[in-house]
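The values are calculated or read from the model by the stated rules, or taken from the named source; none is laboratory data. As the structure is a computational prediction, the values presented were derived from the model and not from experiment. When we count neighbours, we look across all protein chains shown, and the Cβ atoms used for this are built from the backbone with ideal geometry, even at glycine.
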Amino acid sequence: MGKDVIIACDFASAEAVFSFLDQFKDEKPFVKIGMELFYAEGPAIVKEIKKRGHKIFLDLKLHDIPNTVKKSMAVLSRLDVDMTNLHAAGTKRMMEAAIEGLTRPDGTRPMLIAVTQLTSTDQESMENDLLIREPIDKVVMHYAHNAMEAGLDGVVCSPLEAGKVHDVCGKSFVTVTPGVRFADGDVGDQKRVMTPAEAKKIGSDYIVVGRPITAADDPVAAYRRCVAEFVD
Ligand code: C5P
C-alpha cells in the first residue's frame, strides 16, 4: 500500500478550494473533500478536482440502512473517487452492502474505509449516550475487525491506534490517520497528535493533514515537509 499525505480541504466554497489548489504547480496532492464542501458545491466539485488530476478521498461517512447505503455508494463510485468512507456502527451487513454498491461493473472500486468511534466520542459519552459499556479501545478494535470481515480496506483512526489496528487486522489493512501536527506547530483543537515522522514510524498508511498545510504561510512548503517526513 502506497503511503501518502492527504490534504483535508476543509473549505466552504469552490472558489476557496481552487485558490488553495492553484498554489500547487509541481505536484498533485491527494485531497480530502468533506461534508461542508460537498454539501455546498455538490458532485461538480468532485469532478472538477478530479479533472485537475488529484486523487480524492470523499469523506461523507455514510450510515443508513444497507439498501440506501448500497445505492448511494453506487452513485459515489460513478464520481470516480479514489477513497470513501462510512460508519462501522452501521453493522457488518451495511458495510457488505456498501462494498456491493461501490463495486463498478468492471470489478474495480474506490477504497472503502470505516470510521470506528469518532475521536469526539469518549468513554463517558459512549457509555451515557450510546449505552456501550465496554472500554473504548476494545470497541474501536471490534469495529475495525468487523470492517475487515465485511471486506473493507481499512479504518480512519488516531495515529496512536494505528499499530494496534495492524496487530488486530493485519499489516495490509489500511490505517488513515488525522491528528497530525509538526513538532514545532500549533496543536489547535486536536488533542492526541503525532508528527508525520512519528505517524510513519508507527505504521500509518495515509495521514490526513488539514490546517498545518491549509493555514500555513507557505502551504506548498508545508505539504512538502509532510511528504519528506512521512513518505520519503
Ligand atoms: O486541520 P486538521 O489537520 O485538524 O484536520 C484534520 C481533518 O481530519 C479534518 O477534516 C477532520 O474533520 C478530520 N478528522 C479528524 N479526526 C477524526 C476524523 C476526521 O480530525 N477522528
With the first residue restricted to the stretch 166-185 and required to be more than 11 Å from Gly203 (Cβ to Cβ) and aliphatic (A, V, I, L, M), and the second required to be at pLDDT 95 or above and more than 16 Å from the ligand (Cβ to nearest atom), Cβ contacts under 8 Å at 6 or more apart or on different chains are Val168/His145
Out of (1) in a helix (DSSP H, G or I); (2) out of contact with any His (no Cβ under 7 Å at 6 or more places or on another chain); (3) over 30 Å from Gln23 (Cα atoms), the one Asp64 does not meet is (1)
For Asp59, are the conditions met, namely being among the charged types (D, E, K, R), at pLDDT 95 or above and in a loop (DSSP other than H, G, I, E, B)?
no
Residue ID - farthest from the chain's Cα centre (by Cα), chosen from residues in the stretch 101-125 that are in a helix (DSSP H, G or I) and more than 21 Å from Cys169 (Cβ to Cβ):
Glu124
For the stretch 5-51, enumerate the residues that are part of a strand (DSSP E or B) and surrounded by fewer than 20 Cβ atoms within 10 Å (Cβ to Cβ).
Phe30, Gly34
Looking at Met111 and the list (1) surrounded by 13 or more Cβ atoms within 10 Å (Cβ to Cβ); (2) out of contact with any Asp or Glu (no Cβ under 7 Å at 6 or more places or on another chain), which single condition is not satisfied?
(2)
Flagged in the stretch 112-149 as closer than 14 Å to Thr91 by Cα and acidic (Asp, Glu), in numbering order, are Glu149
Taking the criterion of being at pLDDT below 90 and either away from the ligand (no atom under 16 Å from the Cβ) or over 13 Å from Ala89 (Cβ atoms) (or both), would at least one residue in the stretch 150-159 satisfy it?
yes
Note on Pro110: of the conditions (1) under 27 Å from Cys226 (Cβ atoms); (2) modelled with pLDDT of 95 or more; (3) within 16 Å of the ligand (Cβ to nearest atom), unmet is (3)
